[in-house]
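The values are calculated or read from the model by the stated rules, or taken from the named source; none is laboratory data. This is a predicted model, so every value here is computed, not measured. Here the Cβ positions follow ideal geometry from the backbone for every residue, glycine too, while neighbour counts run over all protein chains shown.
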Amino acid sequence: MAQTLTYKILARHLVEGELKAGHPIGIRIDQTLTQDATGTTGFLLFESMGTARVQTELSVSYVDHNTAQFGPENHNDHLYLQTIAAKSGVYHSRPGNGICHQVHLERFARPGATLLGSDSHTPTCGGIGCLAIGAGGMDVAVAMGGGLFYMDCPKVIGVELTGKLADWVTAKDVILKLLGILTTKGNVGCVVEYFGKGVETLTVPQRATIANMGAEMGVTTSIFPSDKRTLEFLELQRRDGVYGPLYADPEASYDRTVRLNLAELEPMAACPSSPDNIEPVSQIAGRKIHQVVIGSCTNSSYMDLMMAARMLEDRKIDPMVEFAVAPGSRQVLEMIAQNGALTLLIAAGARILESACGPCIGQGFSPGSGTVSLRTFNRNFAGRTGTPGDQCYLVSPETAVASAIMGEITDPRDLKRLMGIGYPKIKLPQEFLIDDSMIEKPVPLDQVSRVEVLRGPTIIVPESPKHLPEKLDGQVLLKCGDKITTDHIMPAGAFLKYRSNAPQYSKYVFHCFNEEGQPTFAERGLSLKKQGIGGIIVAGESYGQGSSREHAALCPMYLGVRAVIAKSIERIHKANLINFCIVPIEFDNPDDYDAVSVNDRIEIAGLAEAVKHLDAVIIVNQATNVQIKGKLTLSARDRDILLAGGLLAYTHKKAMDR
């Protein structure tokens, strides 16, 4: 039977279940990655499992999020991650070495491997033919310990690419066009797989850009075939030994097929404040801007920065525009420093930021009030820049630079007419600069006893979840709308430094919804918890979009939240809720969303019994005496995890049973 590329890789790694869409499966994981914003909790949980050394082919700990180091918290995390990695058999990429997805693509990812990362943009490595999946830190910790990764066997959306991109049209425009078609919701349980003659025209960095932003569609991952372009990239990275050709069978069928002719695309933009609010740049041109940032794991490759430098040669940024560039890795930064491209950027007026996530996660460079910011990033959720009411547009580096020169949103195709700027032809280099001196190898097993794990006072072992009650006596703490992101639940930016300290970080749960002079969400949650009343969150469609941050489940759990009732819940967040023993419930009738209000007392009789073997619960709104039916869409393993009191307790129980 003809297979998609996705199913070929899944078949090679399948340990439990059957490859039928929607059926639960367990797969073996070859590689894992963590980053410092999720890694500290992930490693604390890994230690709690009692597994001394990782059991994967390769695990890497990256430091790329909390690098500003205001106060001691970030450096405490770095020292803990560096020493626990050495002890646990994990490679450690030091701060300054680059963004995890960019570095992993360059130095570790391989075609046909399975990669599980505690970051939602792990699918970046799908650009090299790797089945790369984002997950919560708890799931990654289990995989590091040799456990399987469980998910529903996905449907596969095939995207057939034909033609070739025109000058000034980019890989970013491909994924923005696709986001306009598939949107950010309704794609849970799907993988996007690219095929067709147009794929051959795209380099690995271009493919990585497309795979990276597939995360915004809510899919499990995105993947490209491994072909001569893949080999070309690996040869330049001196890693061609891991190459292997991988394609879908010619007769493979897809659950849905989208066809894009690359030659017909034009420069696109994601307008405020959602990655699927797509417009052609030509339709929004002329809007004044005051900030442009090039960077993030989406568009900070060597090719991206060389394009920006060549466009800016002998030119200056508009004086009313602040312009910043954050190279994706130290490899990229060193290469553009050596070939003079960095000088061109600086001479044009660029501010050079660290090779890290930086402004993409709200770590500095927030735009001014009421100003327009153009960014080559992957997310423009409201307030993610760190500025309330921000007007953030997501664009390609070409559009970003054209706009920075002109001082207003500009279609780069107009540069020839406006400024006499022709299209620079950028090619892959003859070779990449290889210097892995900032990637530390783990300490050999016979020397582990010499390693002292450094645990600063700001690193707190997370509280374990409480077991499910037989009957949930709860109160609605918050009622929110559609497309609530993990940024809404747990703010990033300046608050990220508290991620190793759940009690402290929990004070900022739903910080964006707190009203001045009123008790905060955290205060109300803890008050109910002390009374033995469970907190309940009510939400609309696509609750939990965005990052894989498990703190969006861990911290509400700490505050006493026992259930989320929503119209729909996104994949990673749903898994995280289950891992921390918060029951994910969906309205059987979405209109029942209107039958619940903030502060309503809710009763769910027989909750534990329902989780054990039923597909529905009856939710009684005691304020109105209205009964609502809620769906429990849970696998047998999901049920066991909830009944055990969360994934950590479940893992311990399985180990005891063996």
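Computed values, structure above
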item	result
Any hit, segment 500-516, residues being among the aliphatic types (A, V, I, L, M), at pLDDT 95 or above, buried (at least 23 other Cβ atoms within 10 Å of the Cβ) and not assigned by TED's automatic domain parsing to the domain that holds residue 380	yes
Tabulated pairs, segment 12-32, first among the aromatic types (Phe, Trp, Tyr), second surrounded by fewer than 13 Cβ atoms within 10 Å (Cβ to Cβ) and outside any strand (DSSP E or B), C-beta under 7 angstrom, 6+ apart or interchain	none
Residues of segment 283-336 that turn out to be assigned to a loop (DSSP other than H, G, I, E, B), crowded, with 24+ Cβ neighbours inside 10 Å and over 23 Å from the mean Cα position of the chain (by Cα), as a count	1
For residue 102: the one exception among (1) assigned to a helix (DSSP H, G or I); (2) more than 14 Å from residue 297 (Cβ to Cβ)	(2)
Within segment 1-26, tally of residues that are assigned to a loop (DSSP other than H, G, I, E, B), in contact with a Phe, Trp or Tyr (Cβ under 7 Å, 6 or more places away or on another chain) and closer than 15 Å to residue 157 by Cα	1
Residue match in segment 426-445 (condition: over 30 Å from residue 339 (Cβ atoms), hydroxyl-bearing (Ser, Thr, Tyr) and not assigned by TED's automatic domain parsing to the domain that holds residue 201)	no
Residue match in segment 395-410 (condition: at positive phi and out of contact with any helix residue (DSSP H, G or I) (no Cβ under 8 Å at 6 or more places or on another chain))	yes
Residue match in segment 243-258 (condition: assigned to a helix (DSSP H, G or I) and either farther than 22 Å from residue 431 by Cβ or outside the structural domain of residue 19 (by TED's automatic domain parsing) (or both))	no
Positions within segment 599-658 being loosely packed, with under 14 Cβ neighbours inside 10 Å, of a type in the set (A, V, I, L, M, F, W, C) and part of a helix (DSSP H, G or I), in sequence order	636, 655, 656
Test: residue 477 is closer than 30 Å to residue 613 by Cα, touching a helix residue (DSSP H, G or I) at 6+ places or on another chain (Cβ under 8 Å) and in a strand (DSSP E or B)	yes
Within segment 367-397, considering residues that are hydroxyl-bearing (Ser, Thr, Tyr) and either modelled with pLDDT under 95 or not assigned by TED's automatic domain parsing to the domain that holds residue 284 (or both), the one farthest from residue 212 (Cα to Cα)	387
Single residue of 556, 584, 491 found to be in a helix (DSSP H, G or I) and crowded, with 20+ Cβ neighbours inside 10 Å	556
Scope segment 218-233; condition over 11 Å from the mean Cα position of the chain (by Cα) and outside any loop (DSSP other than H, G, I, E, B); matching residues	222, 223, 226, 228, 229, 230, 231, 232, 233
Qualifying residue in segment 75-90 (condition: in contact with a His (Cβ under 9 Å, 6 or more places away or on another chain), small (Gly, Ala, Ser) and either assigned by TED's automatic domain parsing to the domain that holds residue 37 or within 23 Å of residue 27 (Cβ to Cβ) (or both))	yes
Tally of residues being more than 20 Å from residue 529 (Cβ to Cβ), among the aliphatic types (A, V, I, L, M) and in contact with a Phe, Trp or Tyr (Cβ under 8 Å, 6 or more places away or on another chain) across segment 560-579	2
Residue that is surrounded by the most Cβ atoms within 10 Å (Cβ to Cβ) [pool: residues in segment 517-542 that are under 25 Å from residue 643 (Cβ atoms) and in contact (Cβ under 8 Å) with a residue 60 or more places away in the chain]	536
Check on residue 242, at pLDDT 95 or above, under 26 Å from the mean Cα position of the chain (by Cα) and under 19 Å from residue 187 (Cβ atoms)	no
Segment 337-352, residues that are touching a strand residue (DSSP E or B) at 6+ places or on another chain (Cβ under 9 Å) and crowded, with 19+ Cβ neighbours inside 10 Å	342, 345, 348, 350
